[in-house]
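Novice: There's a structure below that I have some questions on.
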Amino acid sequence: MFGKLFGSKAQAATVRITPAEISFIVPAKQTILQAALDQGLAYPHNCRIGSCGSCKTRLVSGQVRELTDKSYLLTEAEMADNIILACQSVPRGDIVVDLPRFSAAGPRHDVVATAATIGALTRVTSDIMALELALDSAITYTAGQYAELGLPGSAETRHYSFAEAPQQAGNLQAKFFIRHVPGGAFTDWLFSAAKAGDKLTLRAPFGDFWLRPGTAPLIAIAGGSGLGPVKAMLDQARADKLLRDVILLFGVRTEADLYALNELSNMARNWPARLEFIPVLSAEPAGSNWTGKRGFIHDVLAEIPRDKLARHHGYLCGPPIMIDRAVQVMREAGIGDDHIFYDAFTDKSSLATAA
Ligand code: FES
């Protein structure tokens, strides 16, 4: 009643995630997701703007203020089950949420904001650049996670996944594979004007794409610049001498779009168990000398006997349509959703977020 009379003040709230039993504070007026990411939690998400559904969360108790209408994204059953979008929900007081996909064993690093200097720019295909940065402050991250990059003085940022496994003691360098998005301010600049010595801002790490512990063989799928986090994850697994067989599918349009082949061959040769590397070309001219796989990733995936595919756990990074189709094949083969992990990068590379 007094709140109504005098106007209620926004206050920080506590969010408790079950069944992981992790709690964190959400500052006043922040969304659940923003606060979780700022505190280094690997909360499931992708677009951050209420359009992908990756952050669906069941509200067990308490109330939230919702910033957008979620009904276009959720089914009636989900609405009835109290599902909310963490990226669009501001707690009204303490709340409890149910999020089985959130693992207490997941990465939790301090989020660091630092200045960065371009050390090298290498065009690895006609539209993918390898960007290497020297960082003023050391960061830690888990392979598969991503960073926010921006130009000094600009509020706009872009998200790119680390393309190399981290050094455990902290990283003063970082590498990314970045696809040119014509008309995108950041990548237009990167591909036309950027040079060694130019300054950027970097804030990291974020993301819930990381290799879960286990013994099952892996299907690793990368599309285009989505190779970065998949390669980082496998680099780390090799360094850890992980004894899991891997089928690595790398989908691009033509043979000229393949890159990092020496590193991938080297990885396959030195994998502690068995790693089968299969490049897949979707638009290679019919008369070319290419003798490898042609078509789409999901077609090649469907060639794997179902009972064999069903034993794998899936890790995918690439365009949403590639991921949707590949995940469908995996589900049809019998891989459970709790063993399929993906990072649809297109949203992150093409959308701006407020810093
Ligand atoms: S809908 Fe929340 S992260 Fe995409």
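The values are calculated or read from the model by the stated rules, or taken from the named source; none is laboratory data. Here the structure is a predicted model, which means the values were calculated and not measured. Positions of Cβ are backbone-derived with ideal geometry, glycine not excepted, and every protein chain shown enters the neighbour counts. Side chains are part of the model used for accessible areas, which takes the heavy atoms of the whole protein and leaves out ligands, DNA and RNA. Shrake-Rupley method; radii C 1.70, N 1.55, O 1.52, S 1.80 Å.
Novice: Under 6 Å between Cβ atoms, which residue pairs at least 6 apart in sequence (or on different chains) link something in the range 41-63 that is within 6 Å of the ligand (Cβ to nearest atom) with a partner that is of a type outside the set (S, T, N, Q) and part of a strand (DSSP E or B)?
Specialist: Here the result reads 46/344; 50/85; 55/85, each pair linking the range 41-63 to a residue that is of a type outside the set (S, T, N, Q) and part of a strand (DSSP E or B).
Novice: Within the range 218-226, identify whether any single residue is open to solvent by 10 Å² or more (accessible area, probe 1.4 Å), touching a residue at least 24 places away in the same chain (Cβ under 8 Å) and in contact with a Phe, Trp or Tyr (Cβ under 7 Å, 6 or more places away or on another chain), and answer yes or no. If you could, list the steps in order and put the result at the bottom.
Specialist: As a first pass, look at the range 218-226 and keep what is open to solvent by 10 Å² or more (accessible area, probe 1.4 Å): 224-225.
Subset that is touching a residue at least 24 places away in the same chain (Cβ under 8 Å): 224-225.
If we keep only those that are in contact with a Phe, Trp or Tyr (Cβ under 7 Å, 6 or more places away or on another chain) too, we end up with 225.
For the range 218-226, residues open to solvent by 10 Å² or more (accessible area, probe 1.4 Å), touching a residue at least 24 places away in the same chain (Cβ under 8 Å) and in contact with a Phe, Trp or Tyr (Cβ under 7 Å, 6 or more places away or on another chain): present.
Novice: Quick one: which strands (runs of 3 or more DSSP E) lie wholly within the range 1-118 and hold at least 1 residues that are over 19 Å from residue 203 (Cα atoms), open to solvent by 10 Å² or more (accessible area, probe 1.4 Å) and in contact with a Pro (Cβ under 7 Å, 6 or more places away or on another chain)? Give the derivation first.
Specialist: Numbers: elements: 13-18, 22-26, 56-66, 83-85, 89-98.
Hits in the range 1-118: 56-66.
Novice: Can you pull out the residues in the range 85-111 that are under 21 Å from the mean Cα position of the chain (by Cα) and of a type outside the set (Gly, Ala, Ser)?
Specialist: If the condition is that a residue be under 21 Å from the mean Cα position of the chain (by Cα) and of a type outside the set (Gly, Ala, Ser), then 85, 87, 88, 99, 100, 101, 102, 107, 108, 109, 110, 111 are the ones that fit.
Novice: Give the residues of the range 81-123 that are in contact with a helix residue (DSSP H, G or I) (Cβ under 7 Å, 6 or more places away or on another chain) and more than 28 Å from residue 65 (Cα to Cα), sorted by residue number. Write out each step before concluding.
Specialist: Step one: filter the range 81-123 for residues in contact with a helix residue (DSSP H, G or I) (Cβ under 7 Å, 6 or more places away or on another chain), giving 86-87, 89, 91, 111.
None; the set is empty.
Novice: Test residue 344 against the stated conditions and say whether it is closer than 17 Å to residue 230 by Cα, within 16 Å of the ligand (Cβ to nearest atom) and out of contact with any Lys or Arg (no Cβ under 6 Å at 6 or more places or on another chain). Let's see the steps before the verdict.
Specialist: Details: closer than 17 Å to residue 230 by Cα: yes; within 16 Å of the ligand (Cβ to nearest atom): yes; out of contact with any Lys or Arg (no Cβ under 6 Å at 6 or more places or on another chain): yes.
The answer is yes for residue 344.
Novice: Looking only at the range 182-206, how many residues end up being surrounded by 17 or more Cβ atoms within 10 Å (Cβ to Cβ), modelled with pLDDT under 95 and in a loop (DSSP other than H, G, I, E, B)?
Specialist: Adding up the residues that qualify gives 1.
Novice: Next question, about the same structure. Out of contact with any helix residue (DSSP H, G or I) (no Cβ under 6 Å at 6 or more places or on another chain), assigned to a strand (DSSP E or B), open to solvent by 40 Å² or more (accessible area, probe 1.4 Å) and in contact (Cβ under 8 Å) with a residue 40 or more places away in the chain: is that true of residue 148 in this structure? If you could, list the steps in order and put the result at the bottom.
Specialist: Working: out of contact with any helix residue (DSSP H, G or I) (no Cβ under 6 Å at 6 or more places or on another chain): yes; assigned to a strand (DSSP E or B): yes; open to solvent by 40 Å² or more (accessible area, probe 1.4 Å): no; in contact (Cβ under 8 Å) with a residue 40 or more places away in the chain: yes.
Taking the combined requirement at face value, the residue does not satisfy it.
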